[in-house]
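Taking it in order: structure first as structure tokens, then the write-up.
No lab work stands behind these numbers, since they all come straight from the coordinates. Please read all numbers here as calculations on a predicted model, not as lab measurements. Ideal geometry is used to build each Cβ from the backbone, glycine not excepted, and the neighbour counts take in all protein chains shown.
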Amino acid sequence: MQIANCPIQRSPVGRGLWDRPRPAVVLLLAAILAAVTGCDDPQPIRIGFVGGLSGRSADIGEVSRNAVQIAVQDVNSAGGIDGRPIELLVRDDEGEPQVAADAVRALHDAGVTAIIGPNTSVVAAGMLPAIDELEVVTISPTASSLAFVDLDDFLLRISWTTQDNARIYARHYADLRLTRIAAAIDMDNRVFSESWLQEFSSAFADLGGKVVATDLFDAHAARGYSDTARRLLDSDPEAILLIANSVDTAQLAQQVRKLDGEVLLIAAEWAASERLLYLGGKAIDGLELVQSYNRNDTSPGYLRFRDSYRAQFQQEPGYSGVAAHDAATVLFRALQGNASLQGPALKAALLDLPPVAGLQQPVKFNRFGDAQRRAFFVQVRDGRFVAE
Amino acid sequence: MHRPYPSLRLRTSVTILLVAVILVTLAIVGAGILAVMVPRVEAENKAVVHRAAGEIASRVTGFLANLEARVVLAGALSPGRSPAALADLLDLARGPSLSAIYLVDAEGRLVAASIAGSSAVRTAELSGIDLSAYPLFQAAMRRQIPLWSDKNISAVTGSVTLGLAAPIPDGRGVVIAELPLEALLAITRIVGGTGSLDYWIVDSKGEVVVDTGAGAAERMNVARAPIVAAGFEKRPLPETLRHAGTTYLASAAYAPALGWLFVGRIPTGLANPELRKIVTIVLAVFGGSVLVGILLAPLWAQSVSRPIRAVAESASRIASGAPPQAWPHSSIKELNRLSADLEIMANATARREEELRNLNEELESRVGRRTAELLRSNRELSQALATVEQAKDELIHSEKLAALGRMVAGIAHELNTPLGNGRLAITSLSDRLARFESGLSEGLRRTELDAFVETVRSSSRIAGQNLARAAALVGSFKQVAADRAASRRRKFQLKEVVDEVLLTISPSMKHLPVALQVDVPDYLWLDSYPGELGQVLTNLIENCITHAFKGREQGSIAIEAEPAEPNHIVIRLRDDGTGMPPDIARRAFDPFFTTALGQGGTGLGLFITHNAVTNVLAGSIALTSRPGEGSLFELRLPRIAPLPEPTEAAIAG
């Protein structure tokens, strides 16, 4: 028990235990309660994390959580914010919007100052009503659907939008003289994937290209990935664009490669996790995609983060880790000197921040709480991401 | 300064007392229970936790070993089978607990799979996909032993699972089986039992694979928790674990076969349900008792205070003088005794009061009677006093008349002698003259004429001498009388007054055998009242003559005077008479005191003397006497008498 270590906080009234009977009883009960409950250190600042830690997007969720955990550890070992340690409360959204919405309420009840997460747009869309109702400032590292853009809400985003991204992809492949692209889009995250495809299609069309086939696939459906692969290949594309998470991207690539060894495989930035490499095997060799971070960065700040991430979690941080760390950094900066900020005040403080140095690039929210990221094209070669 | 304590009603006081007793008792009992139970529960928990981690580790490991054996067996049985037979084998090996099992050849190509809840199309399309980069496959191929993965994303379903890779003998590939986290959680819960004990199963990266507690939705990485780090590094374990704001008693057991750490934990303090239950029960008993106390105490206090209040009211009634009522009785022995004693006391008081009242009335009537008697005797005394005063005045008046009579008799006697002598001379002269005339006719002879002339000469000389003496006497009387009557103040020679007194008194002393010796110097002068002084001396001498020499052949009276300081003279009048016994001497100056009552004494002589000396002459008089040794009167007089009071002067004037 901790009784011995606890300085019992003495009430200023009543010096002696037996001065008056009633204060004595109160004091006694207080002492008992204090002894039983133990006594706490300075009130911690509670920060919530919501992300997919099981389910098909568990890879980027886990990486984000780990990165936030490192950010929290760093702040706490430096004495916390204004002397108050940060306590991280983690919730698994299981990739389900409703579960995530429940998690927001649970975290709000637990008294969190803000939430970092989620990673996917569909989950973010599910959380949004709860976030705005409870006015819990939520910073998503990776949610990028255009549905969240230019909304004055309590959801702030670190990453670019699907529009930005899709246009980068369109320009890139138009520059490579590709004109026929077939696309597979994930039904589980339609908010993201349909938005992404729509932006890409119009941008690509503007540049003279064409999306010749699309297939909305359902990972849980009986027909399997081979059916999608066949349909897309039937349109005789120069490249197949996979707008899906890493698992589905790997599975689709496997099925495509079984049917066609030549067609160029392109993946949306969502899939750009280490897990893609494990599951894709030889099937993803040559697959191209954009990452929002420079995995070959040698800046000291990034290397320090990467090394401690590797040491602690025995894997690579990945884009969702970098973004989540930046989200935590900007949140802690806003709380610095005013650790009790919450809700609208915290949001205003975040929007008023000057550009904050992230791991690889500065973060600055616009008045709707949206930020911009740089894009880095990478290709998978021999089971590794290689910058082009 | 002392503030007076607010006085409470008995009922309130008893209520507070009862509630306070309940509170204090329960607080002490509750604190005692907590003081005993809390450490005991903590100690029990510590023991339970200490055992728990090892037990759960061995049980879960045992369960997984069974699975592993099945998967290894499936791998061993797989070579040389047709695809259909292989599918059947894998379905059999998957059983109810595994979510997927698939066979990968040495090149990393998936050969066959059995996946729970998956469609045939899906299962079929998996064949031929490349898993050569899959870490679990790589590890199993490299080490050629069955390996359990950490938390792992399934290569075939995308779910987060635990993977088991069992190499097929002779390097022909790997069988990979996947166990859903939910299944492991269920197993852990089953073998871990119920209660407040919870478990983490932590993989080698620190990921919480299983959390049987409420934090199942938190998929934490706890690599940095001290107990986890210590468990993996085989260091001594800390006894407690702090996680998400709660402190736990914890222990950990490392399972080398899995590379996982099993952490058992029980919340400490109020977070522990058992302790919370105890504290809740204590608080509930406390609260319930307080409630019951608050509800019952006033009733009890009422029943206790009612008889006391009744006794107090009866006492108040008696104190305010109202007649006593029936004395209350209650179930409390002491109160009954008090009531009875008060009744006895009240009755005794009433009785005594009655007696006192009677006594008082009697006393009052007695005092009234006495007062009336006293008033009457006072009145009678006042009358008697007035009578006595009147008698005194009359006596003084008669004494004065008597003194005047005596003086007149003295004067008459004194004058009688010279006047008689003169008459006798004149008578004898006229006889001689008649014989001379007759002889003249017969012829006158010379001898006869010479004899006649001689007779005329001697007779006229005698007559003249006696007439002169009478005239001197008259003059002197006149002087005395005038002084006595007027109390006139003047300057005079003491000796002169003494001589006059002796002259006045000498006729009455002529027949007495008393010798008077006077030794008064000429130079003693006074400015005083000679009449009063003469009276005083006369009275003293007469008193002497009357009383001092009774039955004596002879006696002497000596009068002497001498000056005395300051500015006084002393006159002493001494006799060698019979003297006085002390009781007579003491009362000699009292009015109406006389030893010669019925013999002409008035008892006022010395009283008047005393008054004159003290009041008019402003001096003092003292008497010294003993029987047989004579008496001495000593007057002490101022040479200059003080002026009389104005009223007296007016009266005198």
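Applying the Karplus relation 6.51 cos²θ - 1.76 cosθ + 1.60 with θ = phi - 60° to region A:100-106 yields 3J(HN,Hα) values of 5, 4, 4, 4, 4, 5, 4 Hz, where x marks Gly and Pro.
Which of rounded, prolate, oblate describes region A:159-199, given a ≥ b ≥ c as roots of the alpha-carbon gyration tensor eigenvalues and a/c under 1.5 marking rounded, otherwise prolate only if a/b is larger than b/c? Oblate, because a/c is 1.5 or more while a/b does not exceed b/c. In chain A, the longest principal axis of the Cα atoms and the axis of helix A:58-77 are about 40 degrees apart. Sorting B:Trp260, A:Trp196, A:Trp160 by the number of Cβ atoms found within 10 Å of their own Cβ, with the fewest placed first, yields A:Trp160, B:Trp260, A:Trp196. The C-alpha atoms of region A:230-346 occupy a region whose extents along the principal axes are 60, 34, 20 Å, arranged from largest to smallest.
Taking each of B:Lys46/B:Lys205; B:Lys205/B:Lys234; A:Lys282/B:Lys205; B:Lys151/B:Lys234; B:Lys495/B:Lys550 in turn, the alpha-carbon distance tops 24 angstrom for B:Lys46/B:Lys205; A:Lys282/B:Lys205; B:Lys495/B:Lys550.
For helix A:343-352, report the angle its Cα long axis makes with the longest principal axis of the Cα atoms of chain A; keep it between 0 and 90° and round to the nearest 10°. Value to nearest ten degrees: 60.
Rounded to whole numbers, the Karplus 3J(HN,Hα) couplings from phi for region B:299-314 are 5, 4, 4, 4, 5, 6, 7, 4, x, 5, 5, 4, 4, 4, 5, 4 Hz, using 6.51 cos²θ - 1.76 cosθ + 1.60 with θ = phi - 60°, and x at Gly and Pro. Computed from the alpha carbon positions, the gyration tensor of region B:85-188 leads to an equivalent ellipsoid with semi-axes of 19, 17, 12 Å, biggest first. For peptide B:256-269, the mean count of partner chain Cβ atoms within 10 Å of a residue's Cβ comes to 1. Convex hull volume of the Cα atoms of region A:103-188, normalised per residue: 92 Å³. Among the residues of B:28-36, the average count of other protein chain beta-carbon atoms within 10 Å of the residue beta-carbon is 2. For A:Glu87, the residues whose modelled amide H falls within less than 5 Å of its own, excluding neighbours fewer than 5 places apart on the same chain, are A:Ile45, A:Arg46, A:Ile47. Here the spin labels are modelled as points 7 Å beyond Cα on the Cα-Cβ line, and at B:Ala35 and B:Ile190 they lie 4.8 nm apart. Shown for region B:145-188 is the translational diffusion coefficient from the Stokes-Einstein equation, using the Kirkwood radius over Cα pairs, a temperature of 10 °C and a viscosity of 1.306 mPa s: 144 µm²/s. Phi-derived couplings, Karplus 6.51 cos²θ - 1.76 cosθ + 1.60 at θ = phi - 60°, listed residue by residue for region A:111-126: x, 6, 6, 7, 10, 10, x, x, 9, 10, 5, 5, 5, 4, 4, x Hz, with x used for Gly and Pro. Sketch the reach of a paramagnetic label on B:Gln554 as a point 7 Å from Cα along Cα-to-Cβ, and name the residues of region B:506-531 whose backbone nitrogen lies under 12 Å away. Only B:513-516 pass the distance filter. Amide H contacts of B:Trp260 (H built 1.01 Å from N, in plane; Pro and chain starts excluded): B:Ala255 sit under 5 Å, all sequence-distant by 5 or more or on other chains. Exposure proxy shown here: for B:Leu623, B:Leu604, B:Leu363, the number of other Cβ atoms within 10 Å sets the order, fewest to most, as B:Leu363, B:Leu623, B:Leu604.
Just so you know, the averaged projected area of the alpha carbon convex hull for chain A sits at 22.4 nm². The longest part of chain B holding none of the exposed loop GluC sites (Glu not before Pro), meaning those outside H, G, I, E and B in DSSP with at most 16 other Cβ atoms within 10 Å, is B:240-441. Average projection, convex hull of the Cα set of region B:30-76: 3.6 square nanometres. The mean number of Cβ atoms from other chains found within 10 Å of a Cβ in peptide A:219-226 is 5, as a whole number. The GluC sites (Glu not before Pro) of region A:219-278 that DSSP puts in a loop, and whose beta carbon has at most 13 other beta carbons within 10 Å, are A:Glu262. Treating each Cα of region B:1-154 as an identical point scatterer and summing with the Debye formula, the log10 of I(q)/I(0) at q = 0.10, 0.18, 0.19 Å⁻¹ comes to -0.58, -1.14, -1.22.
The per residue volume of the convex hull around the alpha-carbon atoms of region A:268-322 is 86 Å³. By the equivalent-ellipsoid construction on the alpha carbon gyration tensor, the protein assembly as shown comes out with semi-axes of 164, 35, 24 Å, ordered largest to smallest. Antiparallel beta bridges, as assigned by DSSP with both residues in the protein assembly as shown, represent about 65 percent of the total such bridges. Taking each DSSP H run with n ≥ 4 as -39500 (n - 2.57) and averaging over every residue of chain A yields -14000 deg cm²/dmol at 222 nm. Built from the Cα atoms of region B:208-362, the convex hull projects on average onto 18.1 nm², one quarter of its surface area. For A:Leu351 and A:Ala387, FRET efficiency with R0 = 30 Å and r from the beta-carbon atoms, rounded to 0.05? Result of the calculation: an efficiency of 0.35. Computed from the C-beta positions of B:Leu359 and B:Thr12 and an R0 of 56 Å, the FRET efficiency is 0.75 to the nearest 0.05.
Going from the fewest other Cβ atoms within 10 Å to the most, the residues A:His220, B:His610, B:His511 appear in the order B:His511, A:His220, B:His610.
Against the main long axis of the alpha-carbon atoms of chain B, helix B:530-547 sits at an angle near 80°. By the Kirkwood approach, averaging reciprocal distances over each pair of separate Cα atoms, chain B gets a hydrodynamic radius of 42.1 Å. When the trypsin sites (Lys or Arg not before Pro) in region A:308-388 are filtered for DSSP coil states and for at most 16 other beta-carbon atoms within 10 Å of their beta-carbon, the remaining sites are A:Lys364, A:Arg367, A:Arg374. When the charge dipole of the protein assembly as shown is built from unit charges on Cβ atoms (+1 for Lys and Arg, -1 for Asp and Glu) and taken about the Cα centre, the candidate among A:Gln198, B:Ala434, B:Gly245 whose Cα reaches farthest toward its positive end is B:Ala434. About its Cα centre, chain B has a charge dipole of approximately 1360 debye under the convention of +1 per Lys or Arg Cβ and -1 per Asp or Glu Cβ, with nothing else charged.
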